[in-house]
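These notes are about the structure you will find just below.
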C-alpha cells in the first residue's frame, strides 16, 4: 500500500468525524432544530376570535358530530408523533429519553423539510412496552400517524404490533419498515448494475434485530425465495437446530430459522458471508465487525450494505479491497447512502394524503420500487444506486405510489387520482422547503458558526 493511498484513507477517516464536531457546536447554537409556526393569517387581533374563542366552538361542535371532520378543521391530517423511549438510540444503545431528543428533533426536521410533514418529538420516560402502548394511544387523537423510533428489541415488535391492532391511524417503526424500504431499493438497483436477478441471488443478513428481521420479511414478499436467504444473530446462523430460539419467546427469529438457510449451515458471520451475492449488515458498529478476509469468500460481483451507525461494520474501502464490487453504508459522506431519510418522508406524505389507516408491507415495497426508479432514471453505476436527499422527485414519486397502493388495498379514507396525489405532494413538499429557504435569506434563521475541524 503506497503512502499516498494510506493518506487518502486517513483523510477519509478524519472526514467521517466532521459531522460530530459540527454537531457539538451547532446544536447549542440553535438550541433545538424545530419549532411551531403559525400557518394562518393574523391581520389583526380580531382574527383570534375566529382562530380561538368564541369562533372555534363551531368547528369543535362539527367534529363532535362528525369525528372524521377533525381532518378538515385541524392539522391532524399532517401531524406525526415521533415516539421513542431512548432505549436504542442510533448506535449508542439505551441512553434514555432526554438523550434521545436530539435524534427525534432531527427526525422532525427531516420529516418537515423533505416531506412537508409536521412531526413532533415525543420522548417517553417509560420502558415497559405496555406503558409505551398506552401512552401512544392516549395521544393518538392529535396525530394522523405515529413514527416509532429507536425502541429496543424485542419490545419494538410488540409495541408496533399492538398499536397497529388498536389504532385506526398508521403506526410505523422506521428502524424496521423504513430501513427495509431503502435497503430493498439499493438491492434492486445494485443487482441491475451487476446483472443479477432478485429471485436468483443468495442473500445473507448480518444481525437479526428489528431492521433485518423486517428486511427479511420484505425480501420474501418482494420475490426472494426463502431458501436463498440466511440470517445471523450474535449467537450464530439461524437454523432449525438452534435450541435457544423459542416460538413464543423469540417468534420472529424462530420463524426464520425454520424456513431459511437451505443448507442449514452453522457458524457465525464468516459462514454466513461465504457464497453470498448480497450481504446486508445491520449489527454492531465497526469498523472491524466484518473482516476483509470474510468478504473475500463472497460470490463475484458481490454487494455489501454495511448499515451500522455511526461507524459501518467495515470501512467501504476495506470491503472494496476484499473484492466486493458495490458497497453502501448508512452515512452521507460515502457513496450509496442507504438512509431511511430517503424513504420515510415520502412514504408518510402519501400515507397522510389519502388518510390511510395503516402502512402495509406492500406500501413500503411500492416505495422501494419508486426510489429505485428515480435513481435508475438519473443513471446507475457502482456508486450511485439510490437518490440523494437533494432529489425532491424521489419523495413526490413515493408519495404518489404509496397513496395509490393504499387506495388499491382499501386502506385509504380518501381517494385521490394519481394526478391529484402528485399535485398535493409537490405543493406541500416544495412549500416546506421554500419556507425554510425564505427564513434563511431573511436572516430569521441565523447562519451556524464556523467549526474548527482540525
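Each reported figure results from applying straightforward, stated rules to the coordinates on display, with no laboratory input. Since the structure is predicted, the reported quantities are computational estimates derived from the model, not experimental observations. Please note: Cβ atoms are built from the backbone with ideal geometry, for glycine as well, and neighbour counts cover all protein chains shown.
Summary of values
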{"item": "Between the stretch 387-452 and the stretch 261-288, the Cα center-to-center distance that results, in Å", "result": "37 Å"}
{"item": "Pairwise centroid distance, computed over Cα atoms, of the stretch 232-258 with the stretch 177-219, Å", "result": "20 Å"}
{"item": "Pair-distance profile P(r), taking every C-alpha pair of the stretch 207-345, with 5 angstrom steps and integer %", "result": "2, 10, 19, 24, 20, 15, 7, 2, 0"}
{"item": "Percent antiparallel among DSSP beta bridges (both partners in the stretch 18-174, rounded to 5)", "result": "5 percent"}
{"item": "Rounded to 10°, Cα long-axis angle of helix 344-353 versus longest principal axis of the chain", "result": "40 degrees"}
{"item": "Ranked packing of 256-263, 312-319, most packed first, by mean Cβ within 10 Å", "result": "312-319, 256-263"}
{"item": "In degrees, nearest ten, helix 418-442 long axis to first principal axis of the chain (Cα)", "result": "80 degrees"}
{"item": "Anisotropy class of the stretch 98-148 from Cα gyration tensor, a/c 1.5 cut", "result": "oblate"}
{"item": "Rg and Dmax [Cα atoms of the stretch 18-174; Å; Rg one decimal, Dmax integer]", "result": "17.9, 55"}
{"item": "Principal-axis tilt of helix 97-115 within the chain, Cα atoms, nearest 10 degrees", "result": "80 degrees"}
{"item": "For the stretch 59-109, the fraction of alpha-carbon pairs in successive 10 Å shells from zero, as %", "result": "24, 30, 18, 22, 6"}
{"item": "Average projection area in nm² (convex hull over Cα atoms of the stretch 1-111, one quarter of hull surface)", "result": "12.6 nm²"}
{"item": "Burial ranking of peptide ranges 199-205, 290-296, 108-114 (average Cβ count within 10 Å, highest at the top)", "result": "108-114, 199-205, 290-296"}
{"item": "Principal axes of the stretch 83-224: Cα extent on each, largest first, Å", "result": "48, 32, 32"}
{"item": "Mean Cβ neighbour count within 10 Å, used as a protection proxy, ranking 18-30, 391-403 highest first", "result": "391-403, 18-30"}
{"item": "Antiparallel DSSP beta bridges within the chain, as percent of all bridges there, nearest 5", "result": "10 percent"}
{"item": "Euclidean distance of C-alpha centroids, the stretch 125-157 and the stretch 292-362, integer Å", "result": "26 Å"}
{"item": "Diffusion coefficient, µm² s⁻¹, Stokes-Einstein with Kirkwood Rh over alpha-carbon pairs of the chain at 37 °C and 0.692 mPa s", "result": "142 µm²/s"}
